[in-house]
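Each remark here refers to the structure printed beneath this line.
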Amino acid sequence: MNPLRIAPTDETPTVNFIPDEGKFEISGNSYPENSTKFYSPVLDWLRRFCAEAKNQKITLDFNFDYFNTSSAKYILEILRILQDCQKNGNECLVRWHYLEEDTDMQEAGEDYRDSIDLNFEFVVREDTL
Amino acid sequence: MTDKQLLYAYNGEMSNPVLNKILSTIQTKLSALGEKRNVVKNVNTILIECCQNLIYHAKDKDTLKEDFFPSVSIYKDAGGYRISTRNVVAGEDAQKLEAYLAKLNAFSPEELKNFYKERLTDGKISAKGGGGLGLLNMIRASKDGKLVYRFDPVNEQYLMFTLSFLM
């Protein structure tokens with residue numbers, strides 16, 4: 001399966017899914033006007049990957065600056081697919097990155113952790129500005 | 001001093017390119033006021049919801065005459081930042097919206113959190129790509145857990161919906 005790579009824009013995140021390494025990353029901003037249009041191909045790719053994955057270690061890094069509430073629903077959908085992937089015998093870890101003082105972003109990650117049966121790791125990132 | 005200071009106001013057609021300019025301007029203005037990065041980020045996160053609400057709920061082109069353009073403004077006062085938006089809504093939509101806003105305003109912070117989670121996990125996305133969480137996000141970000149709103153008639157069909165909250 002080929003990697004999925006989507007370059008970032010002001011409103012959409014970098015998507016970098018490398019299936020052979022089990023390393024997936026979504027980072028940057030996510031506030032497209034139409035989240036369905038942006039996330040549908042991402043979900044389709046992930047579903048295909050999970051249908052094939054066997055005994056694989058998978059790490060998904062979320063490293064957002066901003067995301068809107070419609071993207072929030074798709075983030076949950078991505079996590080649900082990963083949860084199914086784990087039920088099929090794969091080992092999945094979600095790493096949720098946030099700036100130290102950004103309690104809203106931290107709480108958003110905690111809400112996901114509470115809504116889904118996946119291992120979460122919270123990573124505090126340095127403010128580079 | 002309790003004077004309100006207008007930081008920014010926009011009136012016109014709303015789109016994501018316009019939103020990006022607004023975010024960039026607000027970032028510059030708040031940084032110049034010495035606000036910490038997380039305050040700037042919180043204000044901009046909510047502005048994204050506000051402006052995208054205006055995009056999703058913009059009516060057909062025939063309503064997009066100058067008097068009906070949506071607007072967004074942000075004031076600074078002693079209590080924090082007050083964000084205000086205006087857009088045209090159809091009469092029948094106004095009734096539903098008013099009932100929904102009254103429901104949100106009656107919720108406690110805990111109830112709002114639970115309702116947010118319920119809405120987040122319901123899997124519903126509108127045809128325009130909205131998640132139905134914008135107003136919930138605004139009220140959760142507000143200092144007093146309240147959204148202030150009014151509806152003023154503009155003609156037989158439409159009302160001007162004004163929404164504001166303090167954060």
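Computed from phi, the 3J(HN,Hα) profile of the stretch B:146-153 under the Karplus parametrisation 6.51, -1.76, 1.60 (θ = phi - 60°) reads 9, 10, 9, 8, 8, 10, 10, x Hz, with x in place of Gly and Pro.
In chain A, which longest range has no GluC sites (Glu not before Pro) that are both DSSP loop (not H, G, I, E or B) and surrounded by at most 15 other Cβ atoms within 10 Å?
Maximal segment without exposed cleavage sites: A:22-99.
Across peptide A:26-37, the average count of Cβ atoms from other chains found within 10 Å of a residue's Cβ is 4. Partner shielding of A:64-77 amounts to 6, given as the average count of beta-carbon atoms from other chains within 10 Å of each residue beta-carbon. Projecting the Cα atoms of B:ALA141, A:THR103, B:ILE22 onto the dipole axis of the protein assembly as shown, where Lys and Arg carry +1 and Asp and Glu carry -1 at the beta carbon, places B:ILE22 farthest toward the positive end.
Going through the stretch B:6-51, which GluC sites (Glu not before Pro) have at most 14 other Cβ atoms within 10 Å and a DSSP loop state? Sparse-neighbourhood loop GluC sites (Glu not before Pro): B:GLU13. When the Debye formula is applied to the Cα atoms of the stretch A:10-88, each taken as the same point scatterer, what base-10 log of I(q)/I(0) results at q = 0.24 Å⁻¹? Treating every Cα as an identical point scatterer, log10 I(q)/I(0) equals -1.18.
Note: relative contact order over chain B, using C-alpha pairs below 8 Å and six or more positions apart, is 26 percent. Rounded, prolate or oblate for the protein assembly as shown? Axes are the square roots of the Cα gyration tensor eigenvalues, ordered a ≥ b ≥ c, and the cut-off for rounded is a/c under 1.5. Note, shape of the protein assembly as shown comes out prolate. Over 27 Å apart at the Cα level, from the set B:LYS96/B:LYS117; A:LYS37/B:LYS117; B:LYS21/B:LYS113; B:LYS4/B:LYS36; A:LYS23/B:LYS124; B:LYS29/B:LYS96, are B:LYS21/B:LYS113; A:LYS23/B:LYS124; B:LYS29/B:LYS96.
None of the figures in this text is laboratory data; all of them are computed from the coordinates on show. Fair warning: this is a prediction, and the values are worked out from it, not measured in the lab. Counting neighbours? That spans all protein chains shown, and the Cβs are built from the backbone with ideal geometry, glycine included.
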